[in-house]
Amino acid sequence: MSISDKQQEAAEKQILDLSKRIEFYLTEYSVELLAKKMKDGDFVIPDYQREDTWEDARKSRFIESLLMGLPIPFLFFWEIPESGKLEIVDGSQRLRTIQQFVEGTFTLGLLKELDKLEGMRFTDLPKSRQRKINNRSIRGIVLNEHADAQARFDLFDRINTGSKVANKAEVRRGAYTGPFLDLVIELAKDSQFKELAPAPKMSVRQREREELVTRFLAYTDGLEGYHDR
């Protein structure tokens, strides 16, 4: 298939138009500063972000990776125009875990490599180790104030689609906002629905009820038209 000059120009224009929506800069924070910013409210967790869904074993594994000096995935933020605060686009679980550990409210357990640290909190570690942890830096990407809402939702969607951590309901919460999603969340919290659709604690944390409500509403519009079975 031969591509014409006109098609190439149209493709290039589309790339340029879309890239203008996503302007960003790189940043780097120490663990100590990340914990402080979480405590001070400098990092904003939006409604569409996932709640504190990590179980203790996963939190411990993350801290273990931090202690071992392993690479930590980038954090993603958006700079809020009015306040200058940073909205967390992706990384809220890691930031919550860092804050809990540094503030001494989280106890390590079920460690695979550093099993000698099981049962310890941050304050139980030698001062020298505490300083080393606090000095560890984690890099981030900040979408500046010109990045529109759609760009932020697209980013969350692309990061989490196909991830084992974020299920369909969580990705949907991050990528799509509005009256329909608000209705789904409200129905999922309804006491009668909870009674009719009991779910274990882990399933509740992973928003399984929201997924059930979404599927029900999709089915009511016609089974044949619902493809994501």
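The numbers here are math on the coordinates, done by the rules we state, and not lab data. Keep in mind that what you see is a predicted model, and the values were worked out from it rather than measured. Positions of Cβ are backbone-derived with ideal geometry, glycine not excepted, and every protein chain shown enters the neighbour counts.
With 20 Å as the limit, write out which pairs from Lys59/Lys116; Lys37/Lys112; Lys59/Lys112; Lys36/Lys132; Lys59/Lys194 have Cα-Cα distances beyond it, or answer none.
On the way: Lys59/Lys116 17 Å; Lys37/Lys112 30 Å; Lys59/Lys112 13 Å; Lys36/Lys132 16 Å; Lys59/Lys194 28 Å.
Lys37/Lys112; Lys59/Lys194, as the Cα separations exceed 20 Å there.
Treat each spin label as a single point 7 Å out from the Cα along the C-beta direction, and report the Asp157 to Gln192 distance in nm.
Label at Asp157, label at Gln192, 3.4 nm between them.
Kindly put Phe156, Phe216, Phe62 in sequence by how many other C-beta atoms sit within 10 Å of each C-beta, fewest to most. Before the final figure, lay out each step's value.
Numbers: Phe156 24, Phe216 13, Phe62 18.
Taking fewest neighbouring Cβ atoms as first place, the list is Phe216, Phe62, Phe156.
Quick one: Karplus J couplings for the range 141-154, per residue in order, coefficients 6.51, -1.76, 1.60, θ = phi - 60°, nearest Hz, x for Gly and Pro?
10, 10, 6, 6, 4, 7, 6, 6, 4, 4, 5, 5, 5, 4
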